[in-house]
1. Using the heavy atoms of the protein chains alone and a 1.4 angstrom probe, what is the accessible area of the chain per residue in square angstrom?
2. Heavy atoms only, probe 1.4 Å: what % of the accessible area of the chain goes to carbon and sulfur, would you let me know?
3. At 7 Å along Cα-to-Cβ for each site, give me the label-to-label distance between Arg263 and Ala212 in nm.
4. In debye, nearest 20: dipole of the chain around its Cα centre with unit charges on the Cβ of K, R (+) and D, E (-)?
5. Expressed as a whole number of Å, what is the distance separating the alpha-carbon centroids of region 232-265 and region 47-82?
6. Could you work out [θ]222 nm for the chain from helices alone, using -39500 (n - 2.57) per DSSP H run of at least four and dividing by all its residues? Round to the nearest 500 deg cm²/dmol.
7. What order, most packed first, do the peptides 177-183, 38-44, 120-126 have when packing is the mean number of other Cβ atoms within 10 Å of each residue?
8. If you line up the long axis of helix 173-183 against the longest principal axis of the chain, both from Cα atoms, how many degrees apart are they, to the nearest 10?
Amino acid sequence: MPELPEVETIRRTLAEHVINLEIKEVRLIWSSAVCSWEDQSFEDLVTGRRIQTIDRRGKYLLIRLDEDLTLIAHMRMTGRLNYYTEKREPEKHTHVVFGLEQGEVHFTDVRKFGRIQAIPTSLCFSNSSLSKLGPEPLELEFTPHVLKERLRKKKISVKAALLDQHVLAGLGNIYVDESLFQAGISPERRVDTLSDEEISKLHQVIQNVLQAGIDAQGTSFRDYRDANGEKGSFERELQVYGRGGEPCKLCGQVLERIRLAGRTTVYCSRCQK
């Protein structure tokens with residue numbers, strides 16, 4: 001599933017091509033891939049509007065159109081937004097095609113979990129799935145104190161807490177495992193046992209790992225590609241994720257693989273106390 005670094009990379013690479021372009025046509029190949037506003041058809045609502053900017057909130061892309069309309073795109077497991085300079089035949093799993101003044105944007109999703117929702121921009125943060133998201137981990141307002149407050153009074157594992165999008169927006173299985181490894185914290189630790197020092201270190205590590213993921217343009221194992229169809233390269237830097245049963249790169253201990261918070265979790269029992 002695309003996490004914050006992957007979605008941020010899609011945002012940047014898509015914005016390079018589509019800002020200030022008008023949407024001339026919308027072709028719905030699988031209508032359930034989109035959610036319109038009230039009783040209006042998605043095609044009629046979107047066609048003729050101009051793309052003003054593209055923002056991100058957690059794992060969501062916010063494609064801002066003129067006249068108070070935003071498209072909220074959630075990639076889920078296998079969603080992609082690809083830009084093509086010329087008109088082309090949709091692939092097998094392409095569900096929506098946006099024809100622009102110059103080129104096209106295709107929304108493709110093998111698993112069919114991703115969605116694009118049209119909503120008035122003024123209601124974006126009050127009447128959508130964005131309304132309950134936690135803070136953005138790369139913003140200046142996200143401090144060690146904020147992280148401490150978000151974790152306060154919880155009696156669940158730190159892995160489960162960091163996966164909770166209401167606690168912190170944008171983190172998923174890859175970057176949680178990597179952050180906990182670099183912080184030296186076991187994913188099974190209860191958050192109410194973390195010291196202020198450990199929370200401060202975790203805060204810094206989360207930001208470092210996410211920024212490294214963005215710099216590498218994300219992690220590509222199977223489905224993820226940026227808007228240009230290019231893979232990310234962060235998988236070359238992974239310390240624990242996807243490496244269960246292999247030796248730890250720091251101490252040589254065989255990495256543990258367990259099921260935690262409903263997700264496969266890999267960690268080093270020696271480095272992560």
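1. Working: 12740 Å² over 273 residues.
Accessible area per residue, the chain: 47 Å².
2. Numbers: 5650 of 12740 Å².
Heavy-atom surface of the chain belonging to carbon and sulfur, 1.4 Å probe: 44 percent.
3. 1.7
4. Details: 40 positive and 40 negative charges, 262 e Å.
Roughly 1260 debye for the chain.
5. 33
6. Working: 6 runs with 65 residues, N = 273.
Taking each H run of at least 4 residues, the total per residue is -7000 deg cm²/dmol.
7. On the way: 177-183: 25.1, 38-44: 12.0, 120-126: 13.9.
Going by the mean number of other Cβ atoms within 10 Å, highest first, we get 177-183, 120-126, 38-44.
8. The angle comes out at about 30 degrees.
The values are calculated or read from the model by the stated rules, or taken from the named source; none is laboratory data. Worth saying up front: this structure is predicted, and the values here are computed from it rather than measured. Positions of Cβ are generated from backbone atoms using ideal geometry, with glycine treated the same way; all protein chains shown enter the neighbour counts. Heavy atoms of the whole protein, side chains included, go into the accessibility calculation; ligands, DNA and RNA do not. Shrake-Rupley method; radii C 1.70, N 1.55, O 1.52, S 1.80 Å.
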